[in-house]
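This is the structure I have questions about; it appears just below.
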Amino acid sequence: MNKNEDSLVITFITGNQHKVKEAQGIFQKFDIELEHIDLGYPEIQGELADVSIFGGKDVARRLEKPIIVEDAGLFIRSLKWFPGTYSSYVQDTLGNSGILKLMDNVQDRYAEFRSVIGFATPKTEPKTFLGVVGGQIAHQEKGKHGFAYDPLFIPEGYDKTFGELTREEKNELSHRRRSLENFACWYKDL
Ligand code: ITT
């Protein structure tokens, strides 16, 4: 995995450019170089960890090298943690306006973004790394930064949505930062 004495490298499999930019910013601090490959893999329906493990194993075997994949979603407590693992589909269908309609007159607006990194190699058992950030669903969409649900989500301790924060600000506290950091700390010590 070592590229040379000083730098580590890891291959991130995703079709989402926003994730790549976020991960690059986070890995820089760990001196880990990110190689990005946009490659499809089977996404089973299940818990985030199961999705990452299944997809990660498939890709590591096909590429014959260690890789990471990431699966994430928005989990809203008053909607029984919907959209959760259906986040991608719901974003493409209901969208943020549909979520706001479902939340009309709902008092409990607690939600969390969850992210799971799946690390897989062609031979070893996969490992997963979780990151969670809690917050509130706003009453209206705000901000143009980020992607997907970002204009809806106000992280704990802030009065702005992820969509109103810069990428650097979001990267300080995001679910992806937490899962990537958990992974990076472990990977550096390998
Ligand atoms: P992959 O190629 O990595 O699978 P994806 O865009 O399909 O990229 P996921 O399946 O991990 O990503 O994420 C599910 C959905 O959750 C994603 O399409 C977004 O709608 C939403 N989501 C995930 N992380 C988010 C974030 O940081 N901000 C806003 N929405 C996010």
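The values are calculated or read from the model by the stated rules, or taken from the named source; none is laboratory data. Just so we're clear, the structure is a prediction, and the values are computed from it rather than from any experiment. Neighbour counts are summed over all protein chains in view; Cβ atoms, including those assigned to glycine, are modelled from backbone coordinates with ideal geometry. These area figures cover heavy atoms from the full protein model, side chains too; ligands, DNA and RNA do not enter into them. Shrake-Rupley method; radii C 1.70, N 1.55, O 1.52, S 1.80 Å.
Which residue, of GLU125, GLU156, GLU112, is of a type in the set (Asp, Glu), in contact (Cβ under 8 Å) with a residue 60 or more places away in the chain and open to solvent by 10 Å² or more (accessible area, probe 1.4 Å)?
GLU112
So which of SER78, SER52, SER87 ends up being within 10 Å of the ligand (Cβ to nearest atom), open to solvent by less than 60 Å² (accessible area, probe 1.4 Å) and touching an Asp or Glu at 6+ places or on another chain (Cβ under 6 Å)?
SER52
Contact list please: Cβ distance under 9 Å, first residue in region 137-150 and more than 21 Å from VAL20 (Cβ to Cβ), second residue more than 12 Å from the ligand (Cβ to nearest atom) and in a loop (DSSP other than H, G, I, E, B), pairs at least six apart or on different chains.
If the second residue must be more than 12 Å from the ligand (Cβ to nearest atom) and in a loop (DSSP other than H, G, I, E, B), the pairs left are ILE137/MET103; ILE137/VAL106; ILE137/ARG109; ALA138/ARG109; HIS139/MET103; HIS139/ARG109; LYS142/LYS160.
Could you go through region 3-14 and let me know if any residue there is aromatic (Phe, Trp, Tyr), at pLDDT 95 or above and either open to solvent by 30 Å² or more (accessible area, probe 1.4 Å) or not in a loop (DSSP other than H, G, I, E, B) (or both).
Within region 3-14, one or more residues are aromatic (Phe, Trp, Tyr), at pLDDT 95 or above and either open to solvent by 30 Å² or more (accessible area, probe 1.4 Å) or not in a loop (DSSP other than H, G, I, E, B) (or both).
Any residue at all in region 92-101 that's within 10 Å of the ligand (Cβ to nearest atom), among the polar types (S, T, N, Q) and not in a strand (DSSP E or B)?
yes
What tally of residues in region 24-33 results from selecting those that are crowded, with 19+ Cβ neighbours inside 10 Å and either in contact with a Ser or Thr (Cβ under 8 Å, 6 or more places away or on another chain) or more than 21 Å from ALA148 (Cα to Cα) (or both)?
2
Filter region 126-141 for residues that are in a strand (DSSP E or B) and among the aliphatic types (A, V, I, L, M) and give the result.
Correct list: LEU130, VAL132, VAL133, ILE137.
With modelled with pLDDT of 95 or more, within 27 Å of ARG167 (Cα to Cα) and either in contact with a Pro (Cβ under 6 Å, 6 or more places away or on another chain) or hydrophobic (A, V, I, L, M, F, W, C) (or both) as the only criterion, which of LEU74, LEU79 stands out?
The unique qualifying residue is LEU74.
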